[in-house]
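Below is one structure, written out as structure tokens; the observations come after it.
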Amino acid sequence: GDSVTQTEGLVTVTEGLPVKLNCTYQTTYLTIAFFWYVQYLNEAPQVLLKSSTDNKRTEHQGFHATLHKSSSSFHLQKSSAQLSDSALYYCALRNNYAQGLTFGLGTRVSVFP
Amino acid sequence: EAGVTQSPRYAVLQEGQAVSFWCDPISGHDTLYWYQQPRDQGPQLLVYFRDEAVIDNSQLPSDRFSAVRPKGTNSTLKIQSAKQGDTATYLCASSYNQAPLFGEGTRLSVL
């Protein structure tokens, strides 16, 4: 089956500095879509970014990610972290066979002043 | 547009008790998902429907869990005899050719 790996359980960053969250995946399917979800405390996960195009940068709310099929990665980055970015971030994929998403374990981001 | 609505928000049970979770998806969304999210873990798919049909329930513990969506709209997830290991947040999501949108979930504690 599919798998998604997020290597950092916790990322701490100072406000105004860049932040990068790693996401790699394994799948046997050729057609796949990728998502970053953000989950604030006691709230539901919300879609932050989505992409299915190789080597195309996707941006939303100051975050960006580029799907690289050659390295099986979809890392999330932001050039200047804000206090309000403190949350859980999940990378997820959906293959063309099934519509159920496969999520990574998540990365908690804590932004400090 | 109303979002995905779930009830109850919280449930506390003793082991062996039964519980049902209810989900009202976004109007027009044909696909409905149930996920289990243990504390400090990512959501894990239990079952999903397209209209009233079950598409994938391979991760649903069939001896104790059941899920229905009889009219292709609302859905109910039931745990027949809860165990402590079922303690988690149960998330419902819906979609129509887009990324699934999640409800706020039901937080279940099994004592």
### Summary
So the B/A interface buries, both sides summed and with a 1.4 Å probe, an accessible area in Å² (nearest 100) of 1500 Å²
### Query
With point charges of +1 on the Cβ of Lys and Arg and -1 on the Cβ of Asp and Glu, referenced to the Cα centre of chain B, which listed residue (B:LEU45, B:ILE79, B:PHE102) lies farthest in the positive direction of the dipole?
B:ILE79
### Message
Modelling each spin label as a point 7 Å along the Cα-to-Cβ direction, I'd like the B:ASP40/A:GLU59 distance in nm, to one decimal.
### Response
3.7 nm
### Message
With a 1.4 Å probe and all protein chains left in place, how much accessible area per residue does chain B have, in Å²?
### Response
49 Å²
### Query
If you build the Cα gyration tensor of the range B:5-110 and take the root of 5 times each eigenvalue, what three semi-axes come out, in whole angstrom, biggest first?
22, 14, 12
### Task
Along Cα→Cβ, 7 Å out, is where each label goes; now give me the distance between the ones at B:VAL68 and A:THR7 in nm to one decimal.
4.8 nm
### Task
Using a 1.4 angstrom probe on heavy atoms only, work out the carbon and sulfur share of the accessible area of the range B:5-110 in %.
44 percent
### Task
Run the dipole for the range A:3-112 about the Cα centre, Lys and Arg Cβ at +1, Asp and Glu Cβ at -1, nothing else charged, and hand back the magnitude in debye, nearest 20.
280 debye
#### Entry: Normalised alpha carbon radius of gyration of the range A:1-82 [divisor 2.2 N^0.38 Å]
1.12
### Query
Which one of A:THR66, A:THR27, A:TYR40 has its Cα pushed farthest toward the positive end of the charge dipole of the range A:3-112, where Lys and Arg give +1 and Asp and Glu give -1 at the Cβ?
A:THR27
#### Entry: Interface residues in the range A:25-64 - accessible area drops by 50 Å² or more relative to the isolated chain, probe 1.4 Å
A:ASN42, A:ALA44, A:PRO45
### Task
Step through the residues of the range B:102-111 one at a time and calculate ³J(HN,Hα) from phi using the Karplus curve (6.51 cos²θ - 1.76 cosθ + 1.60, θ = phi - 60°), rounding each to whole Hz and writing x for Gly and Pro.
9, x, 7, x, 10, 8, 9, 10, 10, 8
#### Entry: Potential lengthening between A:GLN82 and A:LYS20 on full extension [0.36 nm per residue; Cα-Cα distance subtracted]
21.0 nm
### Query
Where the centre of each part is set by its Cα atoms, how far does the range A:1-75 sit from the range B:1-61, in angstrom?
24 Å
## Note on the structure
Computed for chain B: size of charge dipole around the Cα centre, +1 on C-beta of each Lys and Arg, -1 on C-beta of each Asp and Glu, debye to nearest 20, value 220 debye
### Task
Starting from the range A:23-80, pick out the trypsin sites (Lys or Arg not before Pro) whose DSSP state is loop and whose Cβ has at most 12 other Cβ atoms within 10 Å.
A:LYS56
### Query
So what are the ³J(HN,Hα) numbers for the range A:26-41, from phi and the Karplus equation (6.51, -1.76, 1.60; θ = phi - 60°), rounded to whole Hz, Gly and Pro as x?
9, 7, 9, 9, 8, 9, 9, 10, 10, 9, 10, 10, 10, 10, 7, 3
#### Entry: Environment charge at B:TRP34 (Cβ cut-off 12 Å; Lys +1, Arg +1, Asp -1, Glu -1)
+1
### Query
What part of the accessible area of chain A, given as a whole %, is carbon or sulfur when the probe is 1.4 angstrom?
50 percent
## Note on the structure
Scaled by the rule-of-thumb 2.2 N^0.38 Å, the alpha carbon Rg for the protein assembly as shown gives a ratio of 1.02
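The values are calculated or read from the model by the stated rules, or taken from the named source; none is laboratory data. All figures in this text were calculated on a predicted structure; none of them were measured in a lab. Ideal geometry is used to build each Cβ from the backbone, glycine not excepted, and the neighbour counts take in all protein chains shown. The area values use the complete protein model at the heavy-atom level, side chains included, leaving out ligands, DNA and RNA. Shrake-Rupley method; radii C 1.70, N 1.55, O 1.52, S 1.80 Å.
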